[in-house]
Amino acid sequence: MKKSLLSVFFFMALGAGSLAQAQDYGKWTVVTDDPTMMYAVTFNDSGALFGQYCYPDKGSCLWLIGVAMQCEKDHQYPVLANSDGGAVQLKLMCQGAIGTAKEDQKYAYVFSDFDAVTSLVKSAKRIGFAVPLQADQFKVVRFEVDGSADALEAMRTKASAAMDESKTKSTKDQTL
């Protein structure tokens, strides 16, 4: 899952996301044409990415942020998420560097508390994330949330249908 997540982020960061069938909802873009991975994302003015990715064949979804902020793969970092709907302290798990271009190197981070991020996004117009850096500095990234409700609903509806379909076609062992 991590490898495919990183691949998609890499192509989105380079602007190749236009190769996939995309639908826009306000500031958010939804791509659901790959039955193994669907996503709803937004970019800020600096090219950072924030979005939700779902993997129907695995039955899971996650929130991801991609920024030009170096991190150590598999290391956890604290983050303060803030919006007009409230603030919460969260943790980010570094997924590593994306791509090879050193001048615009991006790093992918996955949020540890899916429900807390979902709650913030649902009640916000804008959302910001502050990550402590060395010494007394913070990296702050902000995103517009306009269109996120419709984008997430469209993506999750397709992902749920794909999850249901994969369950009926799967021959994997299950515990019910």
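The values are calculated or read from the model by the stated rules, or taken from the named source; none is laboratory data. These figures come from a predicted structure and were not determined experimentally. Please note: Cβ atoms are built from the backbone with ideal geometry, for glycine as well, and neighbour counts cover all protein chains shown.
Considering region 83-92 alone, what residues qualify as being charged (D, E, K, R) and either within 23 Å of Q105 (Cβ to Cβ) or touching a residue at least 60 places away in the same chain (Cβ under 8 Å) (or both)? Give the derivation first.
The first filter runs over region 83-92 and keeps only residues charged (D, E, K, R), leaving 84, 91.
Residue satisfying the conditions is K91 alone.
Name the residue, out of T32, T36, T42, that is closer than 18 Å to A108 by Cβ, touching a Phe, Trp or Tyr at 6+ places or on another chain (Cβ under 9 Å), crowded, with 16+ Cβ neighbours inside 10 Å and not charged (D, E, K, R).
Details: T32 fails: closer than 18 Å to A108 by Cβ; T36 fails: crowded, with 16+ Cβ neighbours inside 10 Å.
When all the criteria are applied, what remains is T42.
Give me the pairs: first residue in region 120-141 and hydroxyl-bearing (S, T, Y), second residue not in a strand (DSSP E or B), beta-carbon distance under 7 Å, and six or more apart or on different chains, which are they?
S123/G85
Confirm whether L133 is in contact with a Lys or Arg (Cβ under 6 Å, 6 or more places away or on another chain), at pLDDT below 90 and over 30 Å from Q21 (Cα atoms).
Answer is yes for this residue.
Per-residue answers, yes or no, for (1) surrounded by fewer than 17 Cβ atoms within 10 Å (Cβ to Cβ); (2) touching a strand residue (DSSP E or B) at 6+ places or on another chain (Cβ under 7 Å); (3) without any contact (Cβ under 8 Å) to a residue 24 or more places away in the chain; (4) not in a strand (DSSP E or B):
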| position | (1), (2), (3), (4) |
| --- | --- |
| G47 | yes, no, no, yes |
| Y53 | no, yes, no, no |
| D57 | no, no, no, yes |
| C61 | no, yes, no, no |
| L64 | no, yes, no, no |
| M69 | no, yes, no, yes |
| E72 | yes, yes, yes, yes |
| A81 | no, yes, no, no |
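Here is a check on your reading of the model: is D74 at positive phi and modelled with pLDDT of 95 or more?
Against the criterion (at positive phi and modelled with pLDDT of 95 or more), D74 qualifies.
With the checklist (1) in contact (Cβ under 8 Å) with a residue 40 or more places away in the chain; (2) under 28 Å from T36 (Cβ atoms) in hand, flag the one item D115 doesn't pass.
If we test D115 against (1) in contact (Cβ under 8 Å) with a residue 40 or more places away in the chain; (2) under 28 Å from T36 (Cβ atoms), just (1) comes out false.
Identify, please: which residue in region 19-29 is touching a strand residue (DSSP E or B) at 6+ places or on another chain (Cβ under 7 Å) and free of Cβ contacts under 8 Å to residues at least 24 places away in the same chain and is, among those, surrounded by the fewest Cβ atoms within 10 Å (Cβ to Cβ)?
That would be Q21.
For region 10-51, which positions are modelled with pLDDT under 50 and in contact with a Lys or Arg (Cβ under 7 Å, 6 or more places away or on another chain)?
Listed by number, the list holds a single entry, A13.
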